[in-house]
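Notes follow the structure.
The values are calculated or read from the model by the stated rules, or taken from the named source; none is laboratory data. Every value quoted in this text rests on a predicted model; they were computed, and no experiment measured them. Here Cβ is always computed from backbone atoms with ideal geometry, including for glycine, and neighbour counts include all displayed protein chains.
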Amino acid sequence: MFLSKNYFLYLTTILLLTLLIGFGCKEKSDVVGEDDETGIISLSGQIINNISGIPIEEATIVITGTGETITLKSDSQGKYSYEFESSSNANLVLITYKEGFYNDTTNIFAAKGSTLNVPLIQLEPINTGSEPSGYPVSIFLQSQSALSIGVKESGSEETARLVFVVQDSAGIPVDLAHSVDVYFRFGSAPGGGEILSPNVVKTNNFGQAIVNLTSGTKAGTVQIIAEIDVNGTIITSLPVSIAIHGGLPDQNHFSVASDKLNFPGYNIFGLTNGITAFVGDKYSNPVRVGTSVYFSSTGGIIGGSGTTDEMGRASVDLMSAKPLPDHPIFGPGFATITASSSDENQNIVSDQTIVLFSGIPQILVSPASINVPNGGSQSFNYTVSDQNGNPLASGTSISVSIEGENVDVQGDTDVSIPDTQSKAWTQFGFTVFDTADTINVAKSVTVKIKSTGPNGDASAVISGVAR
């Protein structure tokens, strides 16, 4: 009985101590409040093929242990990242899968507020059960990530990935037992510092060898050649071409011009004149294909925008219509054409050109009558221009003819007007000569000046005597 009472007191004491310790711990936790604080857990990692070492794009990563299920996708470099808030440490489970590969499960411990680099996840390709390959006999391009890339610092993708495959005589990609080194080199290149990396690659279990092309500072076409050495025999792929396009427009390499300096659009509406912007980058190469150029005009109607071709040319049509141009310096008929785009710093780059809208032809002659002395001559000045005093369009022909006995005319009697805006091509002259040795007898003389061309036709006639 005595032992039973002591035993009872012993148990009661232990129970009270346990309860006191429990209440004390709880009270301390409530005072400090550390478990209620939240922190950011950041994690990142990469997924690769465990045989070839190639990053796996579009692999799915499912993360559990955060209180919710998170699903991520790997990028073109096989990389992924995610961050979340947590009020406590977390035991995370990452399940990674991709079609054609075995699934992978990775367990990691994430401390609250930590930044984690997840160990490299290497997915194993599923064995297709294909028969072993023979020795390599051929190499060819299987795929490439892009047909064209941009020059360095162009704002475009600057790297392209090319996958070559080595096969045996039966067309089966060589396996690891027959793996060979593939050597890469340029067949041709613009010479702007282009890079092939790596230069040598050993084929993987699928017979693949992958090389990356990175552009340099010049636009042009790159030819890439892959080679293998099989017992002293060099086997070469067909050259693979990739275009390297130019960068963004540069003010020092931006200009605009018209097909015609002068076209007959002042009075004839609906005629067109081609306008072209020539756009280069800071390396003096054509900008990348498809770069937009914007156009405006102070006369007529012009195409609002055009895109550059492989030589950096962007073209639109200028159409004759209202408003009729009137330049503040050059006067009626002259229009200002402006082309513009944006450079790599989002600044406007632009250039301007002047186009003449020429009008209806008119002819003025001075003096207005003919009076040639016996055995002598008389000089005349004449003007052929439009109604604004501007030269007529190219294709205009001017002729001067004379009728009368023993007389001749010399000077600007057969003129073809070039494509010009110069008013020097409105001023002409001729001289009428009396060629007779006879005495002073007045003879009737007529001179006709005629203009024909795209602006229309015009003529002027003067008459008088030669003695």
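Results, tabulated for the structure shown:
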item: Residue under evaluation residue 333, criteria (1) crowded, with 23+ Cβ neighbours inside 10 Å; (2) at negative phi, criterion not met; result: (2)
item: Selection within the range 210-234 - part of a strand (DSSP E or B), under 18 Å from residue 177 (Cα atoms) and free of Cβ contacts under 8 Å to residues at least 60 places away in the same chain; result: 229
item: Residue in the range 222-237 that is at pLDDT 95 or above, under 28 Å from the mean Cα position of the chain (by Cα) and acidic (Asp, Glu) present; result: no
item: The one condition in (1) in contact with a Leu (Cβ under 6 Å, 6 or more places away or on another chain); (2) farther than 30 Å from residue 283 by Cβ that residue 160 fails to fulfil; result: (2)
item: Of all residues in the range 413-437 being of a type in the set (S, T, N, Q) and free of Cβ contacts under 8 Å to residues at least 60 places away in the same chain, the one that is nearest to residue 261 (Cα to Cα); result: 422
item: Qualifying position, being modelled with pLDDT under 95 and either of a type in the set (S, T, N, Q) or surrounded by fewer than 20 Cβ atoms within 10 Å (Cβ to Cβ) (or both), among 276, 291, 298; result: 291
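Condition check ((1) in the same structural domain as residue 331 (by TED's automatic domain parsing); (2) surrounded by fewer than 17 Cβ atoms within 10 Å (Cβ to Cβ)) across all residues:
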residue	(1), (2)
170	no, yes
208	no, no
220	no, no
233	no, yes
263	yes, no
